[in-house]
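The values are calculated or read from the model by the stated rules, or taken from the named source; none is laboratory data. No experiment lies behind these values; they were computed from the predicted model shown. Here the Cβ is made from the backbone with ideal geometry for all residues, glycine too, and neighbour counts use every protein chain on show. Remember, those area values only see protein heavy atoms, side chains included, never the ligands or the DNA or RNA. Shrake-Rupley method; radii C 1.70, N 1.55, O 1.52, S 1.80 Å.
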Amino acid sequence: MSKEQVNSSLFNDDPVLHATWLYYQEGKSQTEVAALMGLSRVTVVKYLQTARENGLVQINLDTNVFGSIDAALRIRDKFGLYRVIIVPDGEHAGKRTDSKLMRSRLSRAGGMYLNQVIENNDVLGVAWGRTIHEMSKTMTPNSCKNVTVIQMLGSMPSQPDLTILESSSQIAFKLSGKVASLHVPAVVSSARLAMELQAEPIIRANFEVLTHCTKAFFVVGSALDENPLIQVGVLSKKEMQNYRDAGAVGVICGRFYDKNGVPVIAEVDQRILGISLAQLRQIERKIFLAGGESGYAATLGALLGGYVTDLIVDEGTAEFLLSCELPNVDSSSS
């Protein structure tokens, strides 16, 4: 019996455990692991990914290191934030316009950061979107106690790359918690119907959970036609245009705001079922992910509106925030 066969038996002949040990504990390269186990490198990569997703390996983001980078500290102080994390371009320099790559990088950073800051007894409000959906699948499990995860906006029919209810359920599962769903559409046909639904006891109880959120997690949303709110049917292009005409630059959970973070109200607001910007502002920790040039204005508006305490951004957004001038905003207008 060879040495590697003996080693394999120590892991109950589980190739995932074996590959994980060789790579993370013994410091072998993926190529070396493949050679030792008689596998292809592609298979080893899949095993290591499985190990991370199943919580066999905990990869933690050292917030003290990433949050102490000079640029992060300057952005933190400029906007009065609790912490700023800048995801470096690294080998992806020159690919800032690749939205799929940006989504992948931000989702991984967001998942690691959420695992660092989540606490026992937290009530975590989450928005829905492709970045958060991807994060729910890739973040590693965390043994928390009495954590509740609730979506901050009603639901819409599932899309090929976005299952709204699955996202919040998966995050709750990864945090060893429970999920609370609003059990309503994101938008209904009339303001009267919206009021009647929120008066229903079960639905009212879930909306009450929103008022007890200790942390919120959401992603930058622009007021452009590429916004998923149009793709999933929450808004029409005409309604989006109306918001832009009224000065909207960004949106959080279906609620729009202008360049200074002041809410932009339209008829649709009365038909949307979800958290309001005023409620969001009251949550103690508000974790915001932003990346890509199309989200610059929305990110700045969210910061000025007081909707963010913890910021995770790519290098491009960080450069923009460092160079932009802060407007003189009359606090009485907000």
Helix-only mean residue ellipticity at 222 nm for the chain, each DSSP H run of n ≥ 4 adding -39500 (n - 2.57), per residue, nearest 500: -12000 deg cm²/dmol
Ellipsoid equivalent to the chain - semi-axes via the Cα gyration tensor, in Å: 38, 24, 18
In degrees, nearest ten, helix 99-117 long axis to first principal axis of the chain (Cα): 80 degrees
Euclidean distance between Cα centres, region 124-139 to region 230-253, Å: 21 Å
Assigned charges on the beta-carbon of Lys, Arg, Asp, Glu; region 147-246 dipole about Cα centre (debye): 200 debye
Solvent-accessible area per residue for region 125-249 (1.4 angstrom probe, square angstrom): 44 Å²
Value of relative contact order over the chain, rounded to a whole percent, pairs C-alpha under 8 Å and six or more apart: 17 percent
Between 0 and 90°, nearest 10: helix 164-174 axis offset from the chain longest Cα axis: 50 degrees
Amide H partners (placed H, <5 Å) of Phe256, local residues excluded: Val264
Residues of type aspartates and glutamates that Lys174 reaches as a straight line, Cα spacing below 20 Å, ignoring anything fewer than 8 places off in the same chain: Glu53, Asp62, Glu119, Asp122, Glu134, Asp161, Glu166
Extreme residue, positive dipole direction of the chain, given options Leu326, Trp128, Gly316 (C-beta unit charges): Trp128
Diffusion coefficient, µm² s⁻¹, Stokes-Einstein with Kirkwood Rh over alpha-carbon pairs of region 166-301 at 37 °C and 0.692 mPa s: 207 µm²/s
Leading residue at positive end of dipole, region 176-334 (Cβ point charges), from Leu235, Ile272, Gly254: Ile272
Antiparallel bridge percentage (DSSP; both residues within region 204-315; nearest 5): 45 percent
Antiparallel bridge percentage (DSSP; both residues within the chain; nearest 5): 30 percent
Antiparallel bridge percentage (DSSP; both residues within region 122-248; nearest 5): 10 percent
Highest-fluctuation residue, Val184, Val126, Val313 considered, GNM on the chain with Cα pairs under 10 Å: Val184
Ranking by accessible area, most exposed first, for Phe79, Phe217, Phe173 with a 1.4 Å probe: Phe173, Phe79, Phe217
Mean accessible surface per residue for region 262-334, computed with a 1.4 Å probe while every protein chain stays in place, in Å²: 41 Å²
Mean projected area (nm²) of the alpha-carbon convex hull when region 111-202 is viewed from all directions: 6.4 nm²
Solvent-accessible area, 1.4 Å probe, carbon plus sulfur percent, for the chain: 51 percent
